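Written out below as structure tokens is the structure these notes cover.
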Amino acid sequence: IVLTQTPLSSPVTLGQPASISCRSSQSLVHSDGNTYLSWLQQRPGQPPRLLIYKISNRFSGVPDRFSGSGAGTDFTLKISRVEAEDVGVYYCLHSTQSPFTFGGGTKVEIK
Amino acid sequence: EVQLVESGGGLVQPGGSLRLSCAASGFTFSNYWIHWVRQAPGKGLVWVSDINSDGRSRNYADAVRGRFTISRDNDKNTVYLQMNSLRAEDTAVYFCIRGSKGWNGIDYWGQGNLVTVSS
């Protein structure tokens with residue numbers, strides 16, 4: 001399964017929204033009916049951190065300005081109002097089957 | 001607090017071996033899958049291997065199958081990644097990650113450990 005993220009880079013003004021797309025080469029619906037698509041954030045010099053799992057569920061401690069949506073093969077991460085601490089690279093990840101695969105990453109930076 | 005701490009990385013010559021360790025704390029280790037993911041310098045994330053809670057089920061990426069071996073010691077709350085026949089393209093930061101509970105995925109990440117394969 002190949003995950004393609006767009007855009008590669010997203011310059012955003014502080015306080016403005018940002019949106020990242022992740023498209024899968026095949027459906028991510030598991031045989032159990034769930035869709036195991038996650039979003040991760042990697043701040044500069046830090047390990048990745050889980051933000052969203054199963055398309056739209058925020059992980060523990062994740063601010064509500066982060067939201068996920070989508071179905072089947074097309075998914076979106078939205079940041080409602082970008083803050084300075086949101087700078088970094090965002091990855092989508094599928095865990096529907098082995099091997100798990102990651103998208104290529106989208107760099108969010110401040111204009 | 002969930003913690004995963006990797007160790008054992010460093011500089012090794014091509015063809016050499018290293019063993020990474022991942023020491024876990026803050027959760028009931030023996031109930032969770034553990035994964036390894038790597039990130040080459042300036043590049044993206046690549047899943048490497050995983051092991052189930054009792055160590056009987058193990059999976060590997062094609063790029064490392066036959067060269068890397070994952071194992072665990074539930075008495076020591078530690079997972080190992082034995083890396084043999086190392087190549088320059090194995091150079092990366094290796095992250096240890098906890099498998100999630102209740103849904104198929106991964107959640108908490110370690111800080112990572114750098115492995116450099118170079119002569």
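The values are calculated or read from the model by the stated rules, or taken from the named source; none is laboratory data. Here the structure is a predicted model, which means the values were calculated and not measured. Cβ coordinates were reconstructed from backbone atoms using ideal geometry, including for glycine residues, and neighbour counts include every protein chain displayed. When the accessible area is computed, the model is the full protein with side chains, heavy atoms only, and any ligands, DNA or RNA have been set aside. Shrake-Rupley method; radii C 1.70, N 1.55, O 1.52, S 1.80 Å.
Protein-only accessible surface at a 1.4 angstrom probe places the residues B:TRP33, B:TRP103, A:TRP39 in the order B:TRP33, B:TRP103, A:TRP39, largest first. Annotation for B:ASP54 and A:THR13: the two label points, set 7 Å from Cα along the Cα-Cβ direction, are 5.9 nm apart.
Across peptide A:50-62, the mean count of Cβ atoms from other chains lying within 10 Å of each residue's own Cβ comes to 2. Using alpha carbons only, the radius of gyration of chain B set against its Kirkwood radius gives Rg/Rh = 0.95. Straight-line reach from B:LYS101: which lysines fall under 21 Å, measuring Cα to Cα and dropping same-chain residues less than 8 apart? Straight-line reach from B:LYS101, under 21 Å: A:LYS54, B:LYS76. Relative to the current alpha-carbon distance between A:SER67 and A:ARG49, full extension at 0.36 nm per residue lengthens the span by 5.0 nm. Modelled spin labels at A:LYS78 and A:GLN97, positioned 7 Å past Cα toward Cβ, are 3.1 nm from each other. Between A:ILE1 and A:ILE110, the distance separating the two model label sites (each 7 Å from Cα on the Cα→Cβ line) works out to 3.5 nm. Using a Gaussian network model of chain B in which every pair of alpha carbons under 10 angstrom is joined by a spring, one finds that among B:ASN77, B:ASN31, B:ASN104 the greatest mean-square fluctuation is at B:ASN104. Contact residues in region A:7-49 (at least 50 Å² less accessible area with all protein chains than alone, 1.4 Å probe): A:PRO47, A:PRO48. Here region B:78-119 and region B:47-61 have alpha carbon centers that stand 12 Å from each other.
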